[in-house]
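Asker: One structure, pasted below without further comment.
The values are calculated or read from the model by the stated rules, or taken from the named source; none is laboratory data. For clarity, every value in this text was computed on a predicted model and none was experimentally measured. Note that each Cβ is placed from the backbone with ideal geometry, even for glycine, and that neighbours are counted across all protein chains shown. The area values use the complete protein model at the heavy-atom level, side chains included, leaving out ligands, DNA and RNA. Shrake-Rupley method; radii C 1.70, N 1.55, O 1.52, S 1.80 Å.
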Amino acid sequence: MKFNAVAVAASAAMLAGVAHAEDVVEESPVAPELPTFTPTTIKADFLEQFTDDWDQRWKASHAKKDLSGSDKDEEEEWAYVGEWSVEEPVKYKGIEGDKGLVVKNPAAHHAISAKFPKKIDNKDKTLVVQYEVKLQNGLECGGAYMKLLRDNKALHQDEFANTTPYVIMFGPDKCGHTNKVHFIFNHKNPKTGEYEEKHLKSPPTAKIVKTTELYTLIVHPNNTYAIRQNGNEVKTGSLLEDFSPAVNPPEEIDDPNDTKPEDWVDKARIPDPEAVKPEDWDEDAPFEVVDEEATKPEDWLEDELPTIPDPEAEKPEDWDDEEDGDWIAPTVPNPKCAEVSGCGPWFKPMIKNPSYKGKWTAPYIDNPDYKGPWAPRKIKNPDFFEDKTPANFEPMGAIGFEIWTMQNDILFDNIYIGHSIEDAEKLAAETFHVKHPIEKALLEAEKPKKSDKKETSDLEFLDDPVVYVKEKLDLFLTIAQSDPIDAVKVVPEVAAGLAAVVLSILSIIAVIVSGLTSSPAAQKAAGDAKDKAKTVKDKAAEATATGTEKAKGEVTKRTTRSQS
């Protein structure tokens, strides 16, 4: 696929200039003249650009998802009902006529696969896996990874599912705080013939953006690997060192039949058996004693009370002595005590007892019988083997996307699977590096223009506190008219503020009422106010947590990996 590089660069620069313009007169962004898609001439073991004949290679699966061994309800039956489509992007199109494979349904299980023209065997060869991912609606919870399936004559695309044996799983996966670029490979134990997944221990982080991202995996015959994002290396290492469980088991293991002798002493220090409590050690001495040397401050007002009835308080007009009891004015701090050391009865303070020693215990000494930590003896591992070439993966017969995601419109494109790093880079130059700058310029052009007057969403509290609070409150009330829960989630600061105000008012009322009298009627009013305050606070917390709990619930519905 070849394009006029000058024209592409000019279009991207034009859009970027429009995006950052600060002219007084606002102009609508001018759509760039996009380059036109032309299929590449690059060859590979498998190269997919989703041209018009794509459906001759790809087939969606509608198999039932295997839930055996999971904690899911046995009566709940999940199937791969998610639909697929090949179409141009709906967000930030960078090349005219460039189509990709698109996930069409949110919150659904999707599975689709394509068989290779012939099996791919990378024994003693470099393996290169590269593809584009475009998260047009972002990615809150879901996978966008691919699987290279084990070559198998019994592989039926209609039955492709989470249990279909795969050789490599590679690509981004995000849900909640989990955000990684998976690199997992299945390794065959040469002794038992069983397969075990080997997971990259410190995978790189996926970049969650709505523009196209390019993911590349390179595995060399010397067992080293490299992961690239947008052509830049983000992770390198060794198949023999960076994966868990390790490819090769240890040569020696603990003897399962070895047990610690009964007389084995593994306490390094013990209480001194010869130590004796001193005769003058008083275990009953208190921690604190009265400071007998303390004297009352000269300005201490012993005849004054710390609090007095409020002289300005007046009995409410509607107070009924028969129903409400005798009215008692609320108390306030005694103003005479404000500028002196204290009021009321004076007592000598307590101080730490210099004679306090606490309970006596013998000091610790080195244990003369200490033998050190016990560990079972080592024996040769009967399951030991050494695979010196884990990079010689088993032959691969197909590629598949088997994912669950909360977001739709995830687009996959320009898949390269072969043995040439140079060819993969050439394909990226023809496709990704052409569209990516245009997409980024379109993204910039979509951002709000800068102006002297900030929009509500851009205004910060310190810019204009009054306007900030007013606009946030107006937004909250507007949304709350149709959906109070959404209002809390969209403008949580207003919800929290309102809850705090209501809580404070009701709490103050409760305190005042309880201070006025101890009559049954007043106590009931205070209790009601306290209950109402708690209800307001709980409802605000419940509404704020709704979105989080919903997302957590969806997490349990997804399976990012499968056993071979």
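Asker: Hey, I365 hits all of (1) of a type in the set (V, I, T); (2) more than 30 Å from N223 (Cβ to Cβ); (3) part of a loop (DSSP other than H, G, I, E, B) but one; which does it fall short on?
Answerer: Checking I365 against (1) of a type in the set (V, I, T); (2) more than 30 Å from N223 (Cβ to Cβ); (3) part of a loop (DSSP other than H, G, I, E, B), the one that fails is (3).
Asker: While we're on this one: Filter segment 193-215 for residues that are touching a residue at least 24 places away in the same chain (Cβ under 8 Å) and under 17 Å from P165 (Cα atoms); which is surrounded by the fewest Cβ atoms within 10 Å (Cβ to Cβ)?
Answerer: Step by step, filter segment 193-215, then rank; the result is E196.
Asker: Further question on the same structure: Is segment 195-204 home to any residue that is part of a loop (DSSP other than H, G, I, E, B), of a type in the set (G, A, S) and closer than 28 Å to N137 by Cα?
Answerer: Taking every residue of segment 195-204 in turn, at least one turns out to be part of a loop (DSSP other than H, G, I, E, B), of a type in the set (G, A, S) and closer than 28 Å to N137 by Cα.
Asker: Considering segment 278-307 alone, what residues qualify as being charged (D, E, K, R) and in contact (Cβ under 8 Å) with a residue 40 or more places away in the chain?
Answerer: Hits for segment 278-307 are D282, E283, E288, D291, E292, K296, D299, E302, E304.
Asker: Moving on to the next point. Restrict the check to segment 268-277 and report whether at least one residue is without any contact (Cβ under 8 Å) to a residue 40 or more places away in the chain and either farther than 30 Å from I208 by Cα or over 56 Å from the mean Cα position of the chain (by Cα) (or both).
Answerer: Yes, segment 268-277 contains a residue that is without any contact (Cβ under 8 Å) to a residue 40 or more places away in the chain and either farther than 30 Å from I208 by Cα or over 56 Å from the mean Cα position of the chain (by Cα) (or both).
Asker: Which residue pairs have Cβ atoms closer than 7 Å, lie 6 or more positions apart in sequence or on different chains, and pair a first residue in segment 408-436 that is touching a residue at least 12 places away in the same chain (Cβ under 8 Å) with a second residue that is assigned to a helix (DSSP H, G or I) and open to solvent by 10 Å² or more (accessible area, probe 1.4 Å)?
Answerer: Going by the 7 Å Cβ cut-off, the qualifying pairs are V434/V8.
Asker: Within segment 17-55, work out how many residues are at pLDDT below 60, in contact with a Leu (Cβ under 7 Å, 6 or more places away or on another chain) and among the aliphatic types (A, V, I, L, M).
Answerer: The number of residues fulfilling the criteria is 0.
Asker: So, one more: For I218, work out the one condition from (1) in a loop (DSSP other than H, G, I, E, B); (2) aliphatic (A, V, I, L, M); (3) surrounded by 16 or more Cβ atoms within 10 Å (Cβ to Cβ) it doesn't fulfil.
Answerer: (1)
Asker: Separate question: Residue by residue through segment 323-354, note down the ones that are part of a loop (DSSP other than H, G, I, E, B), touching a Pro at 6+ places or on another chain (Cβ under 9 Å) and open to solvent by less than 90 Å² (accessible area, probe 1.4 Å).
Answerer: Correct list: G325, W327, A329, P330, N334, V340, S341, G342, G344, W346, N353.
Asker: Quick check: anything in segment 238-253 modelled with pLDDT of 95 or more and farther than 24 Å from G193 by Cα?
Answerer: Looking through segment 238-253, none of the residues is modelled with pLDDT of 95 or more and farther than 24 Å from G193 by Cα.
Asker: Kindly establish whether A285 is under 30 Å from P273 (Cα atoms), surrounded by 13 or more Cβ atoms within 10 Å (Cβ to Cβ) and of a type in the set (G, A, S).
Answerer: yes
For every residue, the table says whether it meets (1) within 24 Å of the chain's Cα centre (by Cα); (2) open to solvent by 30 Å² or more (accessible area, probe 1.4 Å); (3) in the same structural domain as K118 (by the TED database).
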| position | (1), (2), (3) |
| --- | --- |
| M169 | yes, no, yes |
| K174 | yes, yes, yes |
| F185 | no, no, yes |
| T259 | no, yes, no |
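Asker: Among the residues of segment 232-257, count how many are farther than 30 Å from W374 by Cα, in contact (Cβ under 8 Å) with a residue 12 or more places away in the chain and open to solvent by 40 Å² or more (accessible area, probe 1.4 Å).
Answerer: Going through segment 232-257 one residue at a time, the tally reaches 4.
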